[in-house]
Structures are given as structure tokens and as C-alpha cells.
Amino acid sequence: MKYVTKFLWSKRESIPIVLGTLRRDVWLLYVLYYKILLQWVMRKRKNETIAKSLDNIVNEGEGDRVCFYFGKEKWTYKQIQELSFRVSNHFQGVGLRKGDSVGLAMTNRPEMAAIWVGLGRIGVITVLINTNLRGDSLETCVSVVKCKAFIMGTEQKEAMSEIRHGKRKDLLCPNIYELDRFMEEDKKPLYQDSSFPTIDMASCLLKAGSEPTSVAKDQQPNYLDPLLYLFTSGTTGTPKAVSCSHGRLNFLASTASTINFSSNDVIYSAPPMYHLAGLFAPIWAFVYRAPAVLAVKFSASNFWNDIHFYNATVCMYVGEFCRFLHNQPVKPELEQGHKLRAFFGGGGLRPEVWAAFQKRFNVKTFVDIYASTEGNCTMINLQAKIGACGYIPIWFQPIHPIQLVKIDQITGEIIRDANTGFAIRCEDGESGELIGKIVDSVPMSRFDGYTDTEATERKIARNVFIQGDKYFRSGDSFSRDKYGYYYFQDRIGDTFRWEGENVATTLVEAVISRILQMRNNIVYGVKVEGTEGCAGMAAILDCNDENLDIQSLAEGMKKSLPRYAMPMFIRFVASNKGLDMTGTLKFQKFRLRNDGFDFEKIADPIFIYSTATESYSKMDLEKYREVKRGNYRF
């Protein structure tokens, strides 16, 4: 109470601002606590799992409504329900029980959603695997959760084959199912590779039958039971599996109320379903009875054709999605006259892109949401304030569960008051880490943690403002203006964001070290003109361009890293002089990060990556200026 009184007194000059933002703040509270929280509570009381939401649609006579558009295909709710029954019937028949896990590596398609809904009917948790991962990164991901079975799309067979025939082949369970597409009328036999035999999942599903699955009472899933495991790189750099319950997914569904989403809408979604952003569309389809368009991947050149073809009204976006669209040649006949009324998503949309995008494409509503796979620091920008991720009313800040605290920019540790031992809140205009108070009884404040208990503990700060409190550490640096708007600054520590994905620097460093026979290297993110997030940069220590084959390094990294984790710049550091080391004998990245890729300042050789040639070339003044102008194609 003492802090609240002191805070309010310090803000007495802000009374005009408080009054000026009162309408905004009342609307926020109405949306959060009436539209979102109330929906969540009502579904919890009915124990409405995702499968039950789907069943309600069919049972109420709307099973023939379109649930998913996929290419020229139309999948009805009844078809998705029946396929999900086939999935649950089969895996129940082979002995899977509530709490077991099944891996799923597959690109977007209707069958993918039906699989995790079907497994969820019998309480089995689906582990969604990032389909971009290869080599070491994929092995690490697969090893985190012990799966009783594994389902892969045919397009993932080559990547999984590398594990099956690698040194850690025991990581994959014996029961590997393969599914291309499921067509009841036109079933084609699955081609079998003798070196990597798999189980034909389509045949298994046809035999399983589409009648409703009978589940014993003690095996039935509940609202707060996990439905999915999603992976996040986190701030420590190792992949961690995050439990995602039916309730958390219903919370995602409730956010649709911010744009008055209804059954009359059509949502277009290109983010992959292994990503939290890719789950909004299928969940909204199940809860709001509105069809979702599932794109296999995002195509900037074909985007507006799709929007017109499907009459899409809402679009999910993430990362650099909007910048890619804005960089496309102008097509007036496609960019105007569409029915797209709202963009919903997040990923740190740059202010200059936001304003220009809205003007050019005539999209009236932008709802930018800040959230992480596992976190509880969710914020929504309901006012379309350009550049902001959300806002907290000024008068609500001292008691709000989300706080902004000062951190040591070198170590990343929370700075504490020398007298009290508690964290120090940031003032307006100061940068700090966003943290969220952990309250298990409130859906917006829960932190269910990871499958790794040690990793869970590392994300929790204790005794932050009072003895015994607990806060989730987001690992993200933010600043706040005097109106209560929050602005994303950067990732903290050993991760950065590129192309809408978290890149774990420690994993990239490990790959480079292995390729270069344990040579010291440092990986970090650097800001690049005209792009979202940070581009990866690797500094190879004690090195010059005469004793290292840059192209061999590139080939090695391509085999072990997803495309978005490839360093865009490589710096050969001839001397380590001036690079301080931490107490744990790690080189500090602070100076290197500040240097960036400044060709006019750095004497060391710098190489730049081209996605067109998939190779590195030496940086020169012309390329440097091209990057600075924002014209270089990474």
C-alpha cells in the first residue's frame, strides 16, 4: 500500500493523461475481464475441451459447415470430427493412455488439426515438432519428450531419416507413422523405403472406424489437462517443451472477441501449426464456427490472390509477414476491393511498416498481441497505437500483474535495491525486462512451465516485490511511455528473433564449434535496416580469412540449422584482445553486439550470407551500403 500511495503521488502531474486515457482504459478492462476472462470461466465450468467444442457444432446440426479450406479442398466439421474419431480409436486400440505423448512433424493441412484433436480425446498429448529443424537441432528437440509413437508427414521423411540413421537413432521410438493425405475414396498405397520403414497411417485410420470413441471416466481429458507440447528456445538456448492445455487454447480463442470475430468471418492463416500463432486459426474455427484457410506456407506474391479467392476477412500475421507484403510490387486490382477487415497477430511490427501498410492496403483494424508460448505477460494493443505491443492503465500499473524491472545489461540479472533486496521498477522511458506475476487461479497469469523442471525454475524470479511472490521472466526488453504504452526493444541474453522465430545463440555456437573442431565463436543478434528483429552474426575468434574455409562452414551449418538460424554475417576476429570474459569464462557479447556489422568501423573481415546463392561472400563497401539502405535480400 505504501508503494501504491507513493506511486500515485509521483504521478499527480499525470492526472490530465489519466483522464484523457480513461475511455481507452475502461474499454481494455471490459475486453479483458468481460469478453475474454468471462468466456474462459464459462468454458471451464462446462469442462469444454477443444474436442467438445468441435462436437457441439456437429451435434447442433452444423456439421456440414466448412471448417477448413486447403487449396481447392473444403473440409466440413463433420469430416474433421470423423477423422479425429479414427485417430482416437486407433491409438486407443494400440494401448495409448491419458498422459502419453505422440510426436507430430507435419506441415499445415486439415489432417494435422484432426490428429491432435483426436489424440486429445483420449488424453494423449501431441508434441508439435518444428518442421524447419534439421540435424543436431532436430535431435535435441526429439530427445526432450519421450514419445510412445511418432507421426510424420511424408515431406518430413528425409529429415527424420537423418536421425534414424545417425549416431542417436535410439531417439526415435519404434512406432513411426507416415501420412501424406487422408482420402477415404481414393486411398493410394504408401511408398515404402526399405532403409526407413514406416507404418501407413492412412490404412490404420481407415481400419479404425469413425464411430465416437468410448473413453473411461478416469481417462477423459479435463479443461486444464495438457493437449499439446509446443517448443520454445527460451533464454537459455536449449529447446524446451511447453505444456499447452485445453484451457490455454480456449484463452487464445477468447482473444478473437477483440475484433468481434464471428461465424460470418473467414480467417486466413499461414503460420505453421507448431508455432503458437499457427494455432489461433484452427482453435477459432472450432470455437466460433468460422472457416479457416490453412496455407502450407506464407507466400507474399500469392497472398492477395488467396485473400480474394477465399473471401478472407481476417488474417493472422507474425514476424516480418507485413514487411514482406509491403515490399511486393503494387497491384491495385488485388490490394483494393478485398474483404479483409482485420490483421491479428504479433511479432514486433515496425512503426514505419505499420503506418505505410495500413494506408496502402486499406486494412482498418490491426490488433497486435504480445505473447509467448509459455508466458503470462500477454498484452494486447486494442488502440492500434503504432509501434506499441499493448498498454496498461497508468493508475493500474502499481498493482498490475505485469511489471517492468531494471536489469543488468551485461549479466541479464534483475537489479535489486541494496536496502530492501527487492527489484526496482522502471520509470517511463527506461528499458527493462517484462515480468508477470504467477497466479495459478487466473488464466492470464498462469505459468504451467516446461517438461524440464530445472528450466522451469530458471524462468521464475522469487521475492521480487514482497517475500514469497513469484514472477515469470519473459526474457524480453521493453520500454514504456507516459501514456502506459509498452514497446518491444529486444531479446535479453542468449536468444534473438529473426523471421518471427527465436534463435538460440548457444545452439548455433555449438554447431559452429563442432564444424570448426572446437574453435571459439560467439553468436549474437544485430539490428539491420528495414527488417524485423535481429539478424544472426557469428564472430569466429583468433581467426583470419586465410585459415578457414567459409563455404565448408556454410555447408555444415545448412545441414544442422534451420534456415532462419543461419548467421547472416560472419566476422573473423583476428585478435581476442579487448573481449572481456565473464566469471564463467565466457566471452562477453556486449562489445561485439555494439560493433554490429559496421564495415567502416571494423577492421576484421566480414562475410555476408545470400539466401539466393545459399553462400557467403566478403562484405565490401557497396554491399554494406546496400544493407544500410534496406535493399539487400537476405
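The values are calculated or read from the model by the stated rules, or taken from the named source; none is laboratory data. Computed from a prediction, not measured in an experiment: that's the story for all the values here. So basically every Cβ, Gly included, is an ideal-geometry build from the backbone, and we count neighbours across all protein chains shown.
A quick yes/no check of all residues on (1) out of contact with any helix residue (DSSP H, G or I) (no Cβ under 6 Å at 6 or more places or on another chain); (2) over 30 Å from GLU555 (Cα atoms):
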position: GLY71; (1), (2): yes, yes
position: TYR77; (1), (2): no, yes
position: ILE80; (1), (2): no, yes
position: SER84; (1), (2): no, yes
position: GLY95; (1), (2): yes, yes
position: MET112; (1), (2): yes, yes
position: GLY123; (1), (2): no, yes
position: GLY135; (1), (2): no, no
Can you find even one residue in segment 260-275 that is more than 22 Å from TYR69 (Cβ to Cβ) and either modelled with pLDDT under 90 or acidic (Asp, Glu) (or both)? no
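When residues of segment 600-627 are filtered for being hydrophobic (A, V, I, L, M, F, W, C) and either at pLDDT below 80 or surrounded by fewer than 18 Cβ atoms within 10 Å (Cβ to Cβ) (or both), how many remain?
Restricting attention to segment 600-627, the residues satisfying the condition of being hydrophobic (A, V, I, L, M, F, W, C) are 602-603, 606-608, 612, 619, 621, 627.
Next, from what is left, pick out any that are either at pLDDT below 80 or surrounded by fewer than 18 Cβ atoms within 10 Å (Cβ to Cβ) (or both): 602-603, 612, 621.
Matching residues across segment 600-627 total 4.
Please find, among ASP200, ASP193, the residue that is surrounded by 14 or more Cβ atoms within 10 Å (Cβ to Cβ) and among the acidic types (Asp, Glu).
On the way: ASP193 fails: surrounded by 14 or more Cβ atoms within 10 Å (Cβ to Cβ).
None of the other options fit; the residue is ASP200.
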Any idea which of (1) over 19 Å from ASP200 (Cβ atoms); (2) touching a residue at least 60 places away in the same chain (Cβ under 8 Å); (3) out of contact with any Pro (no Cβ under 6 Å at 6 or more places or on another chain) is the one LYS74 doesn't satisfy? (2)
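Of everything in segment 395-412, what is part of a loop (DSSP other than H, G, I, E, B), within 17 Å of GLY493 (Cα to Cα) and at pLDDT 90 or above? Give them in sequence order.
The answer is LYS406, and nothing else.
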For ASN463, only one of the following conditions fails: (1) on the phi < 0 side of the Ramachandran plot; (2) in the same structural domain as ARG416 (by TED's automatic domain parsing). What is its number? (1)
Scan segment 315-331 residue by residue and report those that are closer than 17 Å to TYR632 by Cβ and of a type in the set (Phe, Trp, Tyr). PHE324
Looking at ILE80 and the list (1) within 17 Å of ARG248 (Cβ to Cβ); (2) in contact with a Cys (Cβ under 8 Å, 6 or more places away or on another chain), which single condition is not satisfied? (1)
For segment 522-529, state whether one or more residues are modelled with pLDDT under 85 and of a type outside the set (Ser, Thr, Tyr). yes
Answer yes or no: is there a residue in segment 320-342 that is touching a residue at least 60 places away in the same chain (Cβ under 8 Å), β-branched (Val, Ile, Thr) and either on the phi > 0 side of the Ramachandran plot or surrounded by fewer than 16 Cβ atoms within 10 Å (Cβ to Cβ) (or both). no
Only listed residue being under 15 Å from the mean Cα position of the chain (by Cα) and either surrounded by 20 or more Cβ atoms within 10 Å (Cβ to Cβ) or assigned by TED's automatic domain parsing to the domain that holds ALA574 (or both), chosen from ARG491, ARG519: ARG491
What are the residues in segment 286-318 that are under 23 Å from the mean Cα position of the chain (by Cα) and farther than 27 Å from ALA114 by Cβ, if any? ALA300
Which numbered condition ILE307 misses (of (1) within 18 Å of VAL363 (Cβ to Cβ); (2) surrounded by fewer than 18 Cβ atoms within 10 Å (Cβ to Cβ)): (2)
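Can you pull out every residue in segment 417-446 that is of a type outside the set (Ser, Thr, Tyr) and over 19 Å from PHE478 (Cβ atoms)?
First, the residues of segment 417-446 that are of a type outside the set (Ser, Thr, Tyr): 417-419, 421-430, 432-440, 442-444, 446.
Within segment 417-446, ASP417, ALA418, ASN419, GLY421, PHE422, VAL439, ASP440, VAL442, PRO443, ARG446 meet the criteria.
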Checking ILE392 against (1) modelled with pLDDT under 90; (2) surrounded by 15 or more Cβ atoms within 10 Å (Cβ to Cβ), only one condition comes out false. Which one? (1)
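Out of everything in segment 427-445 that is modelled with pLDDT under 90 and either within 20 Å of ARG462 (Cβ to Cβ) or of a type in the set (D, E, K, R) (or both), what residue ends up being nearest to the chain's Cα centre (by Cα)?
Narrowing segment 427-445 to residues modelled with pLDDT under 90: 431, 440-445.
Among the residues that remain, those that are also either within 20 Å of ARG462 (Cβ to Cβ) or of a type in the set (D, E, K, R) (or both) are: 440-442, 445.
Values: ASP440: 22, SER441: 24, VAL442: 22, SER445: 18 Å.
The selected residue is SER445.
Matching residues to (1) surrounded by 15 or more Cβ atoms within 10 Å (Cβ to Cβ); (2) out of contact with any helix residue (DSSP H, G or I) (no Cβ under 6 Å at 6 or more places or on another chain); (3) under 24 Å from THR255 (Cα atoms):
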| position | (1), (2), (3) |
| --- | --- |
| ASN419 | no, yes, no |
| ARG425 | yes, yes, no |
| ILE435 | yes, yes, yes |
| PHE447 | yes, yes, yes |
Condition broken by ASN302, with the remaining ones in (1) of a type outside the set (D, E, K, R); (2) over 24 Å from SER263 (Cβ atoms); (3) surrounded by 16 or more Cβ atoms within 10 Å (Cβ to Cβ) satisfied: (3)
